[in-house]
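The values are calculated or read from the model by the stated rules, or taken from the named source; none is laboratory data. Just so you know, these numbers come straight off a predicted model, no measurement behind them. So basically every Cβ, Gly included, is an ideal-geometry build from the backbone, and we count neighbours across all protein chains shown.
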């Protein structure tokens with residue numbers, strides 16, 4: 001346990017070393033917007049509607065076509081059992097690393113994450129289960145694209161957590177809980193730490209490389225879109241800005257399933273290519289926007305209703321990510337999609353999910 005505290009102190013001191021390191025990433029992340037509605041509950045990030053998969057399993061396969069699927073294909077422990085186990089683990093870690101405040105913080109964080117939670121999830125405990133999960137809400141400056149959303153926390157919680165805290169929470173989650181059963185007792189906790197701790201640094205490097213790529217591309221895209229001033233291109237620019245804000249927002253690292261985070265470089269590259277093609281093909285861009293418009297409008301209406309009712313509907317999350325793939329197909333087809341997707345396929349999936 002003490003050695004885990006030492007590993008976490010080392011990790012925090014050396015997090016995302018490289019050109020500019022964590023300070024450069026913080027500056028890039030500082031431009032990200034606050035979520036327009038409360039963030040998703042990370043405890044529900046494992047559920048994948050009708051896709052039979054959990055976080056970290058890579059890109060989704062082609063959407064199933066076997067009727068309406070139930071939400072939550074990945075099992076989660078009962079809230080009471082989770083709370084008891086989390087309390088026990090937090091006490092165990094805190095008791096052994098409390099001599100150093102940084103280690104105590106990291107230790108409590110590790111215990112919470114081993115229970116499938118994060119600091120934001122603990123703050124959200126009283127409201128768990130409300131909203132619509134996974135940071136998948138859609139609204140926009142132009143009223144036409146996705147913005148983050150979900151359940152259970154006030155938006156100010158995202159601003160209170162430093163980027164390094166989000167990174168460490170994600171690293172610990174992937175190292176100790178990803179695709180593994182929940183921990184029920186102290187012995188299982190110790191066994192999981194011993195077995196998985198050797199992966200900590202390699203997972204940290206993977207996460208830092210991915211997030212550095214995401215934030216670097218995000219900053220470049222913001223600058224590119226801000227530099228487009230032609231009035232007749234504004235509908236497309238606003239749509240792209242809204243999509244960008246839907247992907248990268250304060251708290252997205254702990255609100256978005258890691259399987260989808262892995263797709264972010266492709267989503268952002270598709271956005272960049274769309275912006276590059278805009279000057280010579282603005283009319284074609286508008287035509288493709290119009291193809292998506294009915295789906296986006298229907299999605300926004302259902303999403304708004306779910307948020308108003310404080311109800312989580314993971315079927316909407318499934319459609320939300322299909323719409324991201326559809327954007328790649330329409331605006332940067334050469335990059336490829338995670339599965340075959342088209343307007344008709346999204347409409348069919350909408351019907352299969354009973355939306």
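The table below lists the values:
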| quantity | calculated |
| --- | --- |
| Members of segment 179-205 that are surrounded by fewer than 18 Cβ atoms within 10 Å (Cβ to Cβ) and in contact with a helix residue (DSSP H, G or I) (Cβ under 8 Å, 6 or more places away or on another chain) | 180, 182, 184, 185, 186, 197, 199, 201 |
| Residues satisfying the stated conditions in segment 183-218, i.e. more than 30 Å from residue 265 (Cα to Cα) and touching a residue at least 40 places away in the same chain (Cβ under 8 Å) | 183, 184, 185, 186, 189, 190, 192, 193 |
| Test result for residue 250, crowded, with 23+ Cβ neighbours inside 10 Å and either modelled with pLDDT of 95 or more or in a loop (DSSP other than H, G, I, E, B) (or both) | yes |
| Residue under evaluation residue 259, criteria (1) in contact with a helix residue (DSSP H, G or I) (Cβ under 9 Å, 6 or more places away or on another chain); (2) within 24 Å of residue 179 (Cβ to Cβ), criterion not met | (1) |
